[in-house]
1. Of ARG207, ARG203, which residue is in contact with a Gly (Cβ under 9 Å, 6 or more places away or on another chain), farther than 14 Å from PRO261 by Cα, in a helix (DSSP H, G or I) and not acidic (Asp, Glu)?
2. Looking at (1) outside any helix (DSSP H, G or I); (2) buried (at least 17 other Cβ atoms within 10 Å of the Cβ), find the lone condition where THR10 falls short.
3. Could we say that VAL96 is in a helix (DSSP H, G or I) and within 19 Å of the chain's Cα centre (by Cα) here?
4. What's the number of the only condition in (1) surrounded by 18 or more Cβ atoms within 10 Å (Cβ to Cβ); (2) within 21 Å of the chain's Cα centre (by Cα); (3) within 30 Å of LYS59 (Cβ to Cβ) that ALA263 fails to meet?
5. Only one residue in GLY161, GLY119, GLY62 is within 26 Å of PRO261 (Cβ to Cβ), over 21 Å from the mean Cα position of the chain (by Cα) and exposed (fewer than 15 other Cβ atoms within 10 Å of the Cβ). Which one?
6. How many residues does region 224-264 contain that are in contact (Cβ under 8 Å) with a residue 12 or more places away in the chain, out of contact with any Cys (no Cβ under 8 Å at 6 or more places or on another chain) and assigned to a helix (DSSP H, G or I)?
7. Only one residue in THR139, THR154 is β-branched (Val, Ile, Thr), closer than 18 Å to LEU209 by Cα and surrounded by fewer than 22 Cβ atoms within 10 Å (Cβ to Cβ), so which one is that?
8. Just to be sure before I move on: is LYS217 within 30 Å of ALA34 (Cβ to Cβ), free of Cβ contacts under 8 Å to residues at least 24 places away in the same chain and either surrounded by fewer than 22 Cβ atoms within 10 Å (Cβ to Cβ) or touching an Asp or Glu at 6+ places or on another chain (Cβ under 9 Å) (or both) in the structure I sent?
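The values are calculated or read from the model by the stated rules, or taken from the named source; none is laboratory data. Since the structure is predicted, the reported quantities are computational estimates derived from the model, not experimental observations. Positions of Cβ are backbone-derived with ideal geometry, glycine not excepted, and every protein chain shown enters the neighbour counts.
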Amino acid sequence: MRMIQPADITEAVARMCISANVNLPEDVHRALQAAYEREDAPAAKEIFRQLLENAELAKNTGLALCQDTGLAVFFVELGQDAAVAGNLVEAINEGVRRGYKDGFLRNSSCDPLTRENTGDNTPAIIHTDVVPGDKLKITFMAKGGGSENMSRVTMLAPAQGWEGIKKFVVQRVAEAGPNPCPPTIIGLGVGGTFEHAAKISKRALGRALDDVHPDPKVAALEQELLDEINALGIGPMGMGGKTTCLAVKIALEPCHIASLPVAVNVQCHSARHEEVVL
């Protein structure tokens, strides 16, 4: 059994919290640059220029990409031949406390009723799975409120099928308009149960934008949805143009014969995530 020290987890989490909030992922930067180059509408092109400039400023100054530094969301894969020599959850939360403090990142976690801020952006949202091996993989996502508020879960009738799913997604993006700070990335979870569809839809946002789904049929559905969303013409920050969405990532899971759970998780253009393997 391989032992992993809580101090190493805390240090890695603190580092990721700061780095992810400052450095735009390279795949997102490439997608924004490509959208800028193909855009004809002057207002939309200027928005893309500003987004690229903002990313460069954040990188050079060490300041956050966005004032909304998000709730701290983690997907944890713990190898079955590894163990944490202490409290895994507390080690992650301590990393969040340190990272958000040392990185001068906004604390957004609050009581849902009183709205009193917890003061240190904890507790983190932690999803843990046991997997083969002796490693600990931690994926961090800073999830902003603007995009999260535009996300939805629904239970469709099985007979509605792909056309019903597509209609729900496109309508959700249209209704969201400029609110989630487009261009967006859409994580689509289909199957499982009510809560599982939401989980896999968010996890799908961790895929690289240029990652092609290994199933050609699903890859084609991702492209179909992306084309229909971009045909809406909402554009960056709602200013119109060719690019409303940078990518659609679909996650499928088996579901009950009587159900068709569908979750749309909307991510803003500042798609902040990092991972570490210990």
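1. Values: ARG207 fails: in a helix (DSSP H, G or I).
Just a single option satisfies the conditions, and that option is ARG203.
2. Checking THR10 against (1) outside any helix (DSSP H, G or I); (2) buried (at least 17 other Cβ atoms within 10 Å of the Cβ), the one that fails is (1).
3. Taking the combined requirement at face value, the residue satisfies it.
4. Every listed condition holds for ALA263 apart from (3).
5. Going through GLY161, GLY119, GLY62 in turn, the sole match is GLY161.
6. Of all residues in region 224-264, those in contact (Cβ under 8 Å) with a residue 12 or more places away in the chain come to 224-226, 228-230, 232, 234-264.
Remaining after also requiring out of contact with any Cys (no Cβ under 8 Å at 6 or more places or on another chain): 224-225, 228, 232, 234-236, 238-260, 262-264.
Subset that is assigned to a helix (DSSP H, G or I): 224-225, 228, 236, 238.
Adding up the residues that qualify gives 5.
7. Criteria check complete, one pass: THR139.
8. Yes, satisfied.
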